[in-house]
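The values are calculated or read from the model by the stated rules, or taken from the named source; none is laboratory data. In this text, all values refer to a predicted model and were calculated from it rather than measured experimentally. Ideal geometry is used to build each Cβ from the backbone, glycine not excepted, and the neighbour counts take in all protein chains shown.
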Amino acid sequence: MDPHKFHGKDIPHIKLDPKMTIEDLVEVFANSGYNGRQLGEAAKPYAKMIEEDATICLTVSGALTPVGFGGIIKTLIERGFVDWIVTTGANVYHEDHFALGLPIKQGSFDVDDMKLYENEIVRIRDIYIKFEETLEAEDQNVCK
């Protein structure tokens, strides 16, 4: 089949039903497009791993903890959906901002970084982190 021709499966307009199970929702995602399909497909072997009581490793890369996903990871561990984690040091470092109550905010990605720099704000996409009040404070805490 030539991928440069207009063909493929029809795209249904997804309808959610309050009576849907998680399995039904995973199937909806698996039959959609883009990352929804990848999420749905990834959920299937994950569900099988849980059913078979496998040891599950969660690998985390990218800036997930600065956007608050640390709470999700914690819940997955507490409820037995994840047994161990492999992550980048940055995720551990940024999760400490929350643990220590250091300021971190959701801002905008469409900004002048020089103006942020002048205001001592470090940006990770649309996440703002105060240089002195957060990063330096964390470094002082870690280096004690």
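Checking Ala137, Ala99, Ala90 one by one, the residue that is in contact with a Leu (Cβ under 6 Å, 6 or more places away or on another chain), among the aliphatic types (A, V, I, L, M) and modelled with pLDDT of 90 or more is Ala137 and no other.
Matching residues to (1) within 30 Å of Asp126 (Cβ to Cβ); (2) of a type in the set (S, T, N, Q); (3) in contact with a strand residue (DSSP E or B) (Cβ under 7 Å, 6 or more places away or on another chain):
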residue: Val28; (1), (2), (3): yes, no, no
residue: Gln38; (1), (2), (3): yes, yes, no
residue: Ala42; (1), (2), (3): yes, no, no
residue: Phe81; (1), (2), (3): yes, no, no
residue: Ile85; (1), (2), (3): yes, no, yes
residue: His94; (1), (2), (3): yes, no, no
residue: Ala99; (1), (2), (3): yes, no, no
residue: Gln106; (1), (2), (3): yes, yes, yes
residue: Met114; (1), (2), (3): yes, no, no
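Scoring Ala47 on the criteria (1) more than 30 Å from Gln140 (Cβ to Cβ); (2) loosely packed, with under 14 Cβ neighbours inside 10 Å; (3) touching a Leu at 6+ places or on another chain (Cβ under 9 Å) leaves a single failure, condition (3). Please go through the range 93-140 and give me each residue that is closer than 15 Å to Gly68 by Cβ, of a type in the set (A, V, I, L, M) and surrounded by 13 or more Cβ atoms within 10 Å (Cβ to Cβ), ordered by number. Hits for the range 93-140 are Leu102, Ile104, Ile124, Ile127, Ile129.
Matching residues to (1) in a helix (DSSP H, G or I); (2) of a type outside the set (A, V, I, L, M, F, W, C):
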position	(1), (2)
Asn35	yes, yes
Glu41	yes, yes
Ile50	yes, no
Pro66	yes, yes
Gly101	no, yes
Phe109	no, no
Tyr117	yes, yes
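Of all the residues in the range 19-69, those that are among the small types (Gly, Ala, Ser) and either assigned by TED's automatic domain parsing to the domain that holds His97 or at pLDDT 90 or above (or both) number 8.
Scanning the range 81-92 for residues that are exposed (fewer than 14 other Cβ atoms within 10 Å of the Cβ) and among the polar types (S, T, N, Q) turns up nothing.
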